[in-house]
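Let me begin by presenting the structure, written as structure tokens, before commenting on it.
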């Protein structure tokens, strides 16, 4: 798997990667709230963070399955 460093990175550190990327919408909403945008932006940020985290977790699992089945050990 040394030929595919990005896949190796996702397989090894996918859980942390999904959590960090999942928190980005919440961080953006908190930043906008800090600049005086309506408080509902925080609720939207929480919902968006949950959706992005779920999508990232499914992506990581798909990459792990593909790497496990198709790439030589």
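What the table below lists for this structure:
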| quantity | calculated |
| --- | --- |
| Computed [θ] at 222 nm, helices only, for the chain once each DSSP H run of length n ≥ 4 contributes -39500 (n - 2.57) | -30000 deg cm²/dmol |
| Rounded tilt (10° steps) of 40-70 against the dominant C-alpha axis of the chain | 0 |
| Net length gained if the chain between residue 46 and residue 67 were fully extended (0.36 nm per residue, minus Cα distance) | 4.4 nm |
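Where a number appears in this text, it was derived from the coordinates with a stated rule and is not lab data. Computed from a predicted structure; not experimentally measured.
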